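*Asks:* If you scroll down you'll find the structure; I have some questions about it.
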Amino acid sequence: MSPFCAQCGVPQPPADQGESFRCSSCGNIHNNGPQLLTLVAVYAEDKLLMIRRGVDPYRGKWAPPGGYVEKGESVEAAGSREVFEETGLLIEPSNLLTHGVISITALNQVHICLMAMLEKATPLRAGAPEALDAQWFSADAYPHDEVWDPFLSISVAAVYHPCRTQRLPLLQQTDNARRVVFTDVGFSHPWEKI
């Protein structure tokens, strides 16, 4: 954290790691809260778009494209930008729907999960260094044993539910529990300890 107030520029005493503090001059609150990221599930022709991560954490694991929301950027614009940077696929921000939140407190991150349904699975290009590879996966080819840790306990049936139903599930995850809510049938998986 900067040694100066971001609002008024007055020097500030060092804060403990992870603590928020109020500027003694202007009262502005400096928050060491979590970083905001996007995670984008893109479906086409009953396939899910995934990248093989090129950076830590989870380097070498398969995950949906995504990344940090930059200053002045909407979550949807960040999702669109990250998909393009990592796969070469252009998706308009207005075509992305919010469908979940994943909190990863060990990394001080909150991921806003977005989803898009496309008609065709178009050719991809991996955007190094963030993505080593980019591929469309059908349910029978889903790389379950090689996915990034936050996806390990989500069943293949839940991952591909939007392909079968054309409906949007809600994903919720905390540090120690996760659930998928299927709003189309009013059914909720119970919280699972993770």
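*Asks:* Please give the number of the condition Cys163 fails out of (1) assigned to a helix (DSSP H, G or I); (2) crowded, with 17+ Cβ neighbours inside 10 Å.
*Replies:* The failed condition is (2).
*Asks:* Ok, one more. When you go through Gln35, Gln12 one by one, which is the residue that is under 18 Å from the mean Cα position of the chain (by Cα) and of a type in the set (S, T, N, Q)?
*Replies:* Among Gln35, Gln12, only Gln35 is under 18 Å from the mean Cα position of the chain (by Cα) and of a type in the set (S, T, N, Q).
*Asks:* Going through segment 46-60 one residue at a time, which ones are among the basic types (Lys, Arg) and within 15 Å of the chain's Cα centre (by Cα)? I'd like the intermediate steps shown before the answer.
*Replies:* Initial filter on segment 46-60 (among the basic types (Lys, Arg)): 47, 52-53, 59.
Within segment 46-60, Arg52, Arg53 qualify.
*Asks:* Follow-up question, since we're still on this one. Just checking, does segment 59-69 include any residue being of a type in the set (Ser, Thr, Tyr) and in contact (Cβ under 8 Å) with a residue 60 or more places away in the chain? First the steps, then the outcome.
*Replies:* Of all residues in segment 59-69, those of a type in the set (Ser, Thr, Tyr) come to 68.
Right, trim to in contact (Cβ under 8 Å) with a residue 60 or more places away in the chain and you get none.
No, there is no match, as no residue in segment 59-69 is of a type in the set (Ser, Thr, Tyr) and in contact (Cβ under 8 Å) with a residue 60 or more places away in the chain.
*Asks:* A follow-up question, please. From the residues in segment 54-87 that are in a helix (DSSP H, G or I) and among the hydroxyl-bearing types (Ser, Thr, Tyr), which one is surrounded by the fewest Cβ atoms within 10 Å (Cβ to Cβ)?
*Replies:* Applying the first criterion (in a helix (DSSP H, G or I)) to segment 54-87 yields 75-87.
From the residues that got through so far, the ones that are among the hydroxyl-bearing types (Ser, Thr, Tyr) too are 80, 87.
Working: Ser80: 24, Thr87: 26.
Among those residues, the one meeting the criterion is Ser80.
*Asks:* Continuing with this model, one more query. Given the condition of a type outside the set (A, V, I, L, M, F, W, C) and farther than 27 Å from Ser74 by Cα, answer yes or no: does some residue in segment 108-128 qualify?
*Replies:* Kept after step one, since they are of a type outside the set (A, V, I, L, M, F, W, C), are these residues of segment 108-128: 108-109, 111, 119-120, 122-123, 125, 127.
With the extra rule that they be farther than 27 Å from Ser74 by Cα, the set shrinks to none.
Among the residues of segment 108-128, not one is of a type outside the set (A, V, I, L, M, F, W, C) and farther than 27 Å from Ser74 by Cα, which makes the answer no.
*Asks:* If I filter segment 94-116 for residues that are outside any helix (DSSP H, G or I), free of Cβ contacts under 8 Å to residues at least 24 places away in the same chain and assigned by TED's automatic domain parsing to the domain that holds Pro64, do I get at least one hit?
*Replies:* From segment 94-116, those outside any helix (DSSP H, G or I) are 96-104, 108-116; that's our starting set.
Remaining after also requiring free of Cβ contacts under 8 Å to residues at least 24 places away in the same chain: 98.
Then drop every residue that is not assigned by TED's automatic domain parsing to the domain that holds Pro64, which leaves 98.
Yes: one or more hits.
*Asks:* Quick check, is Ser25 at pLDDT 80 or above and either surrounded by 13 or more Cβ atoms within 10 Å (Cβ to Cβ) or farther than 25 Å from Tyr160 by Cβ (or both)?
*Replies:* On the way: at pLDDT 80 or above: yes; either surrounded by 13 or more Cβ atoms within 10 Å (Cβ to Cβ) or farther than 25 Å from Tyr160 by Cβ (or both): yes.
Yes, satisfied.
*Asks:* If you don't mind, there's one more thing I want to ask. For segment 96-104, does any single residue satisfy the condition of being more than 13 Å from the chain's Cα centre (by Cα) and not hydroxyl-bearing (Ser, Thr, Tyr)? Full working, then the answer.
*Replies:* Of segment 96-104, the ones more than 13 Å from the chain's Cα centre (by Cα) are none.
So far as segment 96-104 goes, no, none of its residues is more than 13 Å from the chain's Cα centre (by Cα) and not hydroxyl-bearing (Ser, Thr, Tyr).
The values are calculated or read from the model by the stated rules, or taken from the named source; none is laboratory data. No experiment lies behind these values; they were computed from the predicted model shown. Note that each Cβ is placed from the backbone with ideal geometry, even for glycine, and that neighbours are counted across all protein chains shown.
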